[in-house]
Every structure is written in structure tokens, then in C-alpha cells.
1. Tell me which residues, restricted to region 40-72, are touching a helix residue (DSSP H, G or I) at 6+ places or on another chain (Cβ under 9 Å), of a type in the set (D, E, K, R) and part of a strand (DSSP E or B).
2. I want to confirm something. Restricting to region 3-35 and keeping residues that are among the aliphatic types (A, V, I, L, M) and in a loop (DSSP other than H, G, I, E, B), which single residue is surrounded by the most Cβ atoms within 10 Å (Cβ to Cβ)?
3. Within region 102-123, restricting attention to residues that are closer than 17 Å to Phe68 by Cβ, of a type in the set (S, T, N, Q) and open to solvent by less than 60 Å² (accessible area, probe 1.4 Å), which residue is farthest from the chain's Cα centre (by Cα)?
Amino acid sequence: QVHMVESGGGLVQAGGSLRLSCAASGLPFSLYTLGWFRQAPGKEREFVAAVTWSDGSRYYADSVKGRFTISRDNAKSTVYLQMNSPKPEDTAIYFCAASRSGTLKRIGAYDYWGQGTQVTVSS
């Protein structure tokens, strides 16, 4: 059975930093593209970042480019999201997900999801 568990969420001041982690088990982690998505109250879930399994290429939503960094540690079966200079509009529940598909930004392309971790950015 596949499990993906996020951690590291919480309250952070605008301009600070926060690192989210997502530990996976029950799947061949190194063969999956990993993504981070988020969902704010009253809004649809949206793509944040992804890192491919094949060559480690990274992709970001325009809204977080230059501030957030996604990385993966295959030895630890963990994917990270470093959030620098967060803004109040980054407040959301953050989800990690795993995909065997090459369609990085499409929610339906992801096979497994975590339960999410709340991130609240205060102004």
C-alpha cells in the first residue's frame, strides 16, 4: 500500500521561510515524478511545482517561480518544497503527489496523494 505523508507546515511570517517534506512508501520512488499542489479556501487545487524522475528537471507555477524550490532525495524516498519569501496569498493546504505520467501540471495525471499540510502566511 502506498503512503505519502507531508510534514513541515505551520504558521510563517511573510518574507520568512518554510520547508515542507513528503515521505513516501510502498512505491518505486525513483521511478515517479513528484509534484506539489495547493488548495486555498474556496479555490480549486492548483499546481505548484514538480520534479521529474528521469533527469530531475524542475517545473514551477509562475506564482512561485524564484521563491520556491522543489527537490527530491531518492535514497530517503522524500520530496521537499523549500518556500522562501512566502506571501499571504501562498496560504493553502499543500499536497504532495506521485505520477508515472509525463503530464506534470495536470491533477489527474497523479496516481498517489498525501493528506496535505496547512501553510498559513501572516502579513
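The values are calculated or read from the model by the stated rules, or taken from the named source; none is laboratory data. This one's a predicted model, so the numbers in the text were calculated from it and none came from an experiment. No Cβ is skipped: glycine too gets one built from the backbone with ideal geometry, and neighbour counts run over all protein chains shown. Protein only, heavy atoms only, side chains kept; ligands, DNA and RNA dropped before computing areas. Shrake-Rupley method; radii C 1.70, N 1.55, O 1.52, S 1.80 Å.
1. Glu46, Arg72
2. Let us first name the residues in region 3-35 that are among the aliphatic types (A, V, I, L, M), namely 4-5, 11-12, 14, 18, 20, 23-24, 27, 31, 34.
Filter again for in a loop (DSSP other than H, G, I, E, B), leaving 14, 27.
Working: Ala14: 14, Leu27: 17.
So the residue we want is Leu27.
3. Thr120
Conditions tested, residue by residue: (1) surrounded by 19 or more Cβ atoms within 10 Å (Cβ to Cβ); (2) within 13 Å of the chain's Cα centre (by Cα); (3) under 11 Å from Trp36 (Cα atoms).
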residue: Gly56; (1), (2), (3): no, no, no
residue: Thr69; (1), (2), (3): no, yes, yes
residue: Val79; (1), (2), (3): yes, yes, yes
residue: Asn84; (1), (2), (3): no, no, no
residue: Cys96; (1), (2), (3): yes, yes, yes
residue: Arg100; (1), (2), (3): no, no, no
